[in-house]
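A.B. asks: Take this structure, written in structure tokens, and hold onto it; I'll ask about it next.
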Amino acid sequence: MNIPYYNQPSLLVSQPFGDFYVVSILASQLVEVSHSLAAKYMDGQLDGVQRAINKERIKNISKYCLTDSPLFPNTIILAANIDEDGDVLEEESKWRILDNNLIIPFPIKSASIVDGQHRIEGIKRALSEGAQDFNLVCAVYLDLPIANQAEVFATINFNQQKVDKSLAYQLFGYDMDSTEPKYWAPDTLSVNLARILGRQKSSPFRNHIGYGIKDTELHVDKNEDFEEVKKEFENDPWKVSTSTMVGGITKLISKNATNDRYELHKKRIIKKDRSVLSSGRLPLPPLRNLYLNFEDQTIYQIIECYFLSAKENLWLDKNTVLKKTIGIQALFDLLNYILSNLNNLPFQKINKGYFDEILAKVDIPSVENIGKNYSGSGRTAIKNELVSQVSLLMQDQTSST
């Protein structure tokens, strides 16, 4: 039997669980020889390894592959010599090692995907739509039984701790320092604005935005005394996460930040700035057009003025629910509502005084009572109470003018 083969240099890795080989395989080749053993019940027993395919995740991975610089440094884990029924292949169809090279029969579906099925399916879809081919790092186990495949899959997906999203924003700040702001996707701009809010002396969030780590780095100007700033923080040591701030800001300028990022970074002959993005379907996020027109300073000023007003009118008790995560989220929801119902008032004319006229009349005790449920539903309840009160206040404000 004359079977064509791929020949790939490999590196042996020996671990207590068993040996595997690290190898670089071209994506177009990998999709030809790999398959997923979907987990399903057969005769009352669970059979297979993988979870059900998430079509939306595949779609997003495919979009990402069509951008100008996709990267996949994480390892795809394969169990070679397993056919689509979960059986070990015949000898002549097997992957094997020869002189430190991995010999891969082609185009036989001979490798079960232990981890990485969504990446492979997304890449496969992107390749069919004209994406550039590239290599993927693979860890290949030879003749690994289904039971052991399931063990590897479970170990990887359930025993490893996820990276805190706030810390991820800090560590992977979307290369803001070396990229011009006009190329920033909505979430990138939001990360930047959150950083400024955490450092700007005038900001109510100064020294109160954290990164999911225990200690908070204090920002002190040259003409300030560090001990005084530290004492001020210790007297009111509340902290909101970067991810909470980024999420709140992003919703003011984008309905789908992931799609905006993919569209902005799509591979083109000439790099395009954020003006290439469409406004989107109605109703628009209230500050969408400011973002598309590069009015980042106006966006910042609106957010800072709003929360300065919240600090003066709503944060009267340092233990208020409105300074906890669900409270900050609800306040961003309220800001979204206010900005979406301005009755043609230009954004550039909005100042702290405008927000003061509304927030100073909020019945704080009723909000605090609702906020005793510190959960996702608590956030919704707080938002609904705030919007209910503010909608009436804004109606009165409009009728008086």
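A.B. asks: When Rg is the radius of gyration of the Cα atoms in region 288-385 and Rh is its Kirkwood radius, what does Rg/Rh come to?
C.D. replies: Ratio of gyration radius to Kirkwood radius for region 288-385: 0.99.
A.B. asks: I've got another one for you. How much of the accessible area of region 239-318, probe 1.4 Å, is carbon plus sulfur, in whole percent?
C.D. replies: Heavy-atom surface of region 239-318 belonging to carbon and sulfur, 1.4 Å probe: 51 percent.
A.B. asks: Region 222-285 to region 63-91: how many Å between their Cα centroids?
C.D. replies: 34
A.B. asks: Cβ neighbours within 10 Å, averaged per peptide: list 4-10, 318-324, 331-337, 14-20 in order, most packed at the top.
C.D. replies: The packing order, highest mean first, is 331-337, 318-324, 4-10, 14-20.
A.B. asks: Work from the charge dipole of region 243-288 (Cβ charges, +1 for Lys and Arg, -1 for Asp and Glu, about the Cα centre) and give the residue of Asn256, Val246, Ser275 farthest towards its positive end.
C.D. replies: Of Asn256, Val246, Ser275, it is Ser275.
A.B. asks: Any chance you could tell me what percent of the C-alpha pair distances in region 256-295 go past 14 Å?
C.D. replies: 48
A.B. asks: How far apart, in nm, are two points set 7 Å out from the Cα along the Cα-to-Cβ line at Glu234 and at Asn341?
C.D. replies: Between Glu234 and Asn341, the simple spin-label model gives 4.4 nm.
A.B. asks: Shifting gears a bit: Skipping prolines and chain starts, which residues have an amide H placed within reach, meaning under 5 Å, of the one on His265, given they are 5 or more residues away or on another chain?
C.D. replies: Here the answer is none, since no amide H 5 or more places off falls under 5 Å of that of His265.
A.B. asks: Right, something else. Strictly greater than 13 Å: what percent of every Cα pair in region 56-95 meets that?
C.D. replies: Tail of the P(r) past 13 Å holds 68 percent of the pairs.
A.B. asks: Another question about this same structure. Taking the Cα centre of region 225-315 as the origin, how large is its charge dipole in debye, to the nearest 20, when only Lys and Arg (+1) and Asp and Glu (-1) carry charge on their Cβ atoms?
C.D. replies: The calculated dipole for region 225-315 is roughly 1060 debye.
A.B. asks: Find out how many positive minus negative residues lie around Lys352, taking Lys and Arg as positive, Asp and Glu as negative, among other residues whose Cβ is under 14 Å from that of Lys352.
C.D. replies: Result for the neighbourhood of Lys352: -2.
A.B. asks: Next question. Calculate, for region 214-325, the solvent-accessible area per residue in square angstrom, rolling a 1.4 angstrom probe over the heavy atoms of the protein chains.
C.D. replies: 57
The values are calculated or read from the model by the stated rules, or taken from the named source; none is laboratory data. Since the structure is predicted, the reported quantities are computational estimates derived from the model, not experimental observations. In this analysis, Cβ positions are derived from the backbone assuming ideal geometry, glycine residues included, and neighbour counts consider all displayed protein chains. Side chains are part of the model used for accessible areas, which takes the heavy atoms of the whole protein and leaves out ligands, DNA and RNA. Shrake-Rupley method; radii C 1.70, N 1.55, O 1.52, S 1.80 Å.
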